[in-house]
1. Residues of the chain: accessible area per residue at 1.4 Å, in Å²?
2. Where the only charges are on Cβ atoms (+1 Lys, Arg; -1 Asp, Glu), what is the dipole of the stretch 145-244 about its Cα centre, to the nearest 20 debye?
3. Taking all protein chains in place and a 1.4 Å probe, what share, in percent, of the accessible surface of the stretch 1-64 do carbon and sulfur account for?
4. Given R₀ = 35 Å, what would the calculated FRET efficiency be for Ser184 paired with Tyr112, taking r from the Cβ atoms and rounding to 0.05?
5. Take the alpha-carbon centre of the stretch 140-174, take the same for the stretch 200-244, and report the distance between them in whole Å.
6. For the chain, what does the helix formula give at 222 nm: sum of -39500 (n - 2.57) over DSSP H segments with n ≥ 4, over the residue count, nearest 500 deg cm²/dmol?
7. How far apart, in nm, are two points set 7 Å out from the Cα along the Cα-to-Cβ line at Asp153 and at Tyr84?
8. So how much slack lies between Lys166 and Met1, counting 0.36 nm per residue of separation and subtracting their Cα-Cα distance, in nm?
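The values are calculated or read from the model by the stated rules, or taken from the named source; none is laboratory data. This is a predicted model, so every value here is computed, not measured. Every residue, glycine as well, gets a Cβ built from its backbone with ideal geometry; the counts of neighbours run over all protein chains shown. Heavy atoms of the whole protein, side chains included, go into the accessibility calculation; ligands, DNA and RNA do not. Shrake-Rupley method; radii C 1.70, N 1.55, O 1.52, S 1.80 Å.
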Amino acid sequence: MLVAFLDESGDHNLKTVDSTYPIFSLAACIFDFDYYFDKVEKELDAIKIKYFGTREIIVRSYDIRKQKGQFKSLVDITKRTAFYEELDKFVENLEFKIIAAVIDKNKLKSNYRTPGDPYDLCFQFIMERLCMFIGRKNEKVIMRMESRESHNDKVLAEDYEDFKNKGNIMIKPEEVREKLIDLSFNQKSQNIAGHQIADLVAYPIGVHIFQPKRDNPAFQVIERKFHTKPGTRQYINYGLKTFP
């Protein structure tokens, strides 16, 4: 049994696009179910306690980068450097795979008269590739989304049920139903390590697509985690889908 935690970077608003980051990125971090619950939560908790004195802190990429809220102590460069190094090592040593989708919102708007919602599109891309990934492993997966507003959760739940009922040109619906066995939504306040790891992963992926020449050490840490074409290191269109 596998468990996939999903989280995003950027917003899915197409009316006003932030020119400094016109990207929406959705990442799924896929763990063996038993491995995750035996190891991952405990190890991330230990890092939180070491640097902040409590496990009741939610690791969020934006707050860490800006040294905001619970991470304001990271203005101390010595502490920040040590924390970054330990967090990178933690993620690098974990056993998991990434399937992610990234949308350039400006290109989406210019290429399509009635563009789809970036969140919905990315979610559909990930479900499709997740079925392909676990199909080769003869596994089943439960999907865990971080909840947004209830109406947004409802749209994703409808996307999920639609994919299970109809499949697509490449994947039959009975195969989808066999592989994707559950979808649920968790609140950020539940402090779930899998979502926090997905949050850490989603931002450097978005930056890599938007500014591929920018210094991006976090992406170097996670690049080998992408699902790849069997027998190769190719992850574009396998573990990483960009659109349009």
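1. On the way: 12360 Å² over 244 residues.
For the chain, the per-residue accessible area is 51 Å².
2. Details: 15 positive and 14 negative charges, 109 e Å.
For this selection, approximately 520 debye.
3. On the way: 1510 of 2860 Å².
Its accessible area is 53 percent carbon and sulfur atoms.
4. Values: r = 31 Å, r/R0 = 0.89.
Calculated value: 0.65.
5. So the two Cα centres are separated by 23 Å.
6. On the way: 9 runs with 110 residues, N = 244.
Using -39500 (n - 2.57) per qualifying helix, the result is -14000 deg cm²/dmol.
7. Inter-label distance under the simple model: 3.5 nm.
8. Values: separation 165, 0.36 × 165 = 59.40 nm, distance 2.34 nm.
Going from the current span to full extension adds 57.1 nm.
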